[in-house]
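The values are calculated or read from the model by the stated rules, or taken from the named source; none is laboratory data. All values reported here derive from a predicted model rather than from experimental measurement. Cβ: placed from backbone, ideal geometry, glycine included. Neighbour counts: every protein chain shown. We work out accessible area using only protein heavy atoms, side chains counted, and drop any ligands, DNA or RNA first. Shrake-Rupley method; radii C 1.70, N 1.55, O 1.52, S 1.80 Å.
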Amino acid sequence: MALIASLRSFAADRDAVKASPLLGRWDLTVNDGNHQYPSWVEIRLSGYRTLVGSYVGQFGSVRPISKIDFDTNSSAFRFVVPPQWERRTNDIIVEGKLESESLSGTVPNDDGKPVPFQGKRAPLLVRDHEPKWDHVIELFNGRDLTGWKPRNPNAKNGWQVRDGLLANVSPGNDLMTERQFTDFSLHAEFRYPKGANSGIYLRGRYEVQIEDDFGLEPESHLIGGVYGFLTPRVNSSKKPGEWQTLDVILLGRVVTIMLNGQPIIERQAIPGITGGALDSHEENPGPILIQGDHGQVEFRKVTLAPAD
């Protein structure tokens, strides 16, 4: 009888936690003085009553949350994650409160000062029909930077057009399209020198990694991966200095990626924004953004067909 009562208690705990409106994915916006940056958290149930999850901060990739404390009476929650690419060496403590369908709270910035954040439930972005592709847009005209702008207008823009190529001559600034897009099919032809590191952000929020990783085992942080989230099934990259092709179809949050003509990620859902995203407004269209703060890379062709 005691065992039966215990099992019933466990089931009640599990059902109570499963019904918690805290579960799910949340798009966060952090306000650090005059600067805003996006963040993201997913909260899941592990077993009967333990809340766990995943977290994306200002920098780096998604990191696991081993436990989330949640007070059902006050709707307050708290979790701790270790530093990743932050300069700080102590843990990051995130504290907040659930209020109806929104979150609010504080997270320490890179200097350790608590700064406020607001959160809203991430959209599902479900598409209920197959796309019809519109005309192909030449995002890069081969002559100049028409249609592109630097991410940081106050910093030096190291992107130039040389010999018909879009080249990141002096790394230090990202480059993004002036136009914004929702669902699309993207084609890019690129090459990089040994040790290079770049990436293409879809809608300015989901980074597909471009990096010198020839011969390595596939991994979500390496070439072709959706940074920290989705791992390619194979590494079909070429050696540095060779021209390569990247083809991406994004429908809602479902992505298909081909590298050098080989499917590497097929119809997988991107859970949330990746580190370095422009914003966390996943419901909105966004630009194509090329990462330019890490290493040199050249493009000879960038085209996009929007979904009608």
Every listed condition ((1) over 20 Å from R151 (Cα atoms); (2) part of a loop (DSSP other than H, G, I, E, B); (3) touching a strand residue (DSSP E or B) at 6+ places or on another chain (Cβ under 9 Å)) holds for D279 save (1)
Is at least one residue of segment 255-268 touching an Asp or Glu at 6+ places or on another chain (Cβ under 8 Å), buried (at least 18 other Cβ atoms within 10 Å of the Cβ) and closer than 21 Å to R25 by Cα? no
Contact list, first residue from segment 96-112 and at positive phi, second anywhere and assigned to a loop (DSSP other than H, G, I, E, B) and open to solvent by less than 50 Å² (accessible area, probe 1.4 Å), beta-carbon distance below 8 Å, six or more apart or interchain, is G112/R88
Top-ranked residue of segment 66-112 - restricted to ones that are open to solvent by 80 Å² or more (accessible area, probe 1.4 Å) and among the β-branched types (V, I, T), ranked as farthest from the chain's Cα centre (by Cα): T72
Qualifying position, being on the phi > 0 side of the Ramachandran plot and not charged (D, E, K, R), among G225, G252: G252
Of the numbered conditions (1) open to solvent by less than 50 Å² (accessible area, probe 1.4 Å); (2) closer than 26 Å to H135 by Cα, W243 fails exactly one; give the number of that condition. (1)
